[in-house]
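Report on the following structure.
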Amino acid sequence: MKLGEIKKILNAVVLSKNGDMELEIGRAYCADLMSDVLAFSITNSLLITGLTNSQVIRTADMADMNAIVFVQGKRPDLETISLAEEKNIPLLVTDFSMFGTCGRLFEKGLQGRSNRDK
Amino acid sequence: MNKTAEGVFFLTGKDFAKAGVASSNLKAILESMGVPPDIIRRAAIAAFEAEVNVIIYAVAGMMHYSITQEMIKIIVQDMGPGIPDIALAMTEGYSTAPDYIREMGFGSGMGLPNIKKSTDKLTVNSVVGEGTTLEFIINLNKTA
């Protein structure tokens, strides 16, 4: 699924300058616990989170995740947005809740972690 | 990949704004050396977890790395409170982190188990009241 489609489904706003809407997103992982993201997420995926600090960007960068959606209309500060731009990770914000966000994306075919993923 | 590299990053306790900078720099070094992405991801995740631990718990610490054709070896040494029961600390979900750390998304008790999971060998040495040293290795050439 392209990032542009995710933006449309979530009625999301792009926060970072590097919003390549053609970016292909394979899977999604949602958590507010960054340790869980590090432990269980998969590469080239979308991170859905309600946490907005700079550690979210660092975590996504370390875990090779492609893009981040902040839920519940929560916006990170400018420093965090700059860090994401530096790391080339597009940031989106949606007014939907975590559950609503995941539900909408899942309904449109975006999958989570497969049992076969390590 | 036929290069080697070695270096050290210094870490300051409670400096949360810089948490991840050392691991990010290490990741860039590994990328510049042409290490395969899946290996880089494992090293970056383990280094980041270790770095965050130092920043959460210790006064200061250092992350030493050496990259050879055979392996990536990372030693993270801190001046911190030490771990009284290492076996307990290795248990998934066990954490002594205060609430404000959890609010930042860490301290869920996955750090050490996650380092172990991401690496080929992890050694933890700790002295209560003095500090902790983690040494972990990721093999680059399984047949070597």
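The values are calculated or read from the model by the stated rules, or taken from the named source; none is laboratory data. Quick caveat, the model's predicted, so the values are computed rather than measured. Virtual Cβ from ideal backbone geometry, glycine too; neighbours counted across all protein chains shown.
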Subject >> Number of positions in the stretch A:23-56 that are assigned to a strand (DSSP E or B) and either more than 12 Å from the chain's Cα centre (by Cα) or of a type outside the set (Lys, Arg) (or both) >> reply: 9
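Matching residues to (1) modelled with pLDDT of 95 or more; (2) within 14 Å of chain B (Cβ to nearest Cβ); (3) closer than 20 Å to B:Ser108 by Cβ:
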| residue | (1), (2), (3) |
| --- | --- |
| A:Ile9 | yes, no, no |
| A:Ala12 | yes, no, no |
| A:Phe40 | no, yes, yes |
| A:Asn44 | no, yes, no |
| A:Leu51 | yes, yes, yes |
| A:Thr59 | yes, yes, yes |
| A:Ile68 | yes, yes, yes |
| A:Gln111 | no, no, no |
Original post:
Residues of the stretch B:78-117 being under 12 Å from A:Ser35 (Cβ atoms) and touching a strand residue (DSSP E or B) at 6+ places or on another chain (Cβ under 9 Å), which ones?
Top reply: B:Gly105, B:Leu112, B:Ile115
**OP:** Give the number of residues within the stretch A:81-102 that are assigned to a helix (DSSP H, G or I) and either surrounded by fewer than 20 Cβ atoms within 10 Å (Cβ to Cβ) or basic (Lys, Arg) (or both).
**Re:** 8
Original post:
Just checking, how many residues over the stretch B:106-135 are more than 14 Å from every other protein chain (Cβ to nearest Cβ), buried (at least 17 other Cβ atoms within 10 Å of the Cβ) and at positive phi?
Top reply: 1
Original post:
When you scan the stretch B:58-105, how many residues do you find that are within 14 Å of chain A (Cβ to nearest Cβ), crowded, with 18+ Cβ neighbours inside 10 Å and of a type in the set (Ser, Thr, Tyr)?
Top reply: 1
